[in-house]
Amino acid sequence: MAVYEFECRTCGERFELSMPISQHDRLKDDPPECPKCKGKQTHQVVSMFSCKAPSAY
Ligand SMILES: [Zn+2]
């Protein structure tokens, strides 16, 4: 399981969702609904990936 962070374009709510990595690809076709306004205009927030890459490992 991995935790993904999402942001709602309708109300600005940010929420986290944990799901198997194998289901991550489905998000493009079937985005999760916002827990606050139940809207489907959500997109994933990518903030963690570019921070610390183990390049000097
Ligand atoms: Zn919302």
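The values are calculated or read from the model by the stated rules, or taken from the named source; none is laboratory data. Computed from a predicted structure; not experimentally measured. No Cβ is skipped: glycine too gets one built from the backbone with ideal geometry, and neighbour counts run over all protein chains shown.
The table that follows gives values for the structure above.
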quantity	calculated
Some residue of segment 9-19 being at pLDDT below 95 and either part of a loop (DSSP other than H, G, I, E, B) or among the aromatic types (Phe, Trp, Tyr) (or both)	no
Some residue of segment 22-33 being at pLDDT 85 or above and within 10 Å of the ligand (Cβ to nearest atom)	yes
Leading residue by the ranking (modelled with the lowest pLDDT) among those in segment 34-57 that are within 11 Å of residue 6 (Cα to Cα) and of a type in the set (A, V, I, L, M)	46
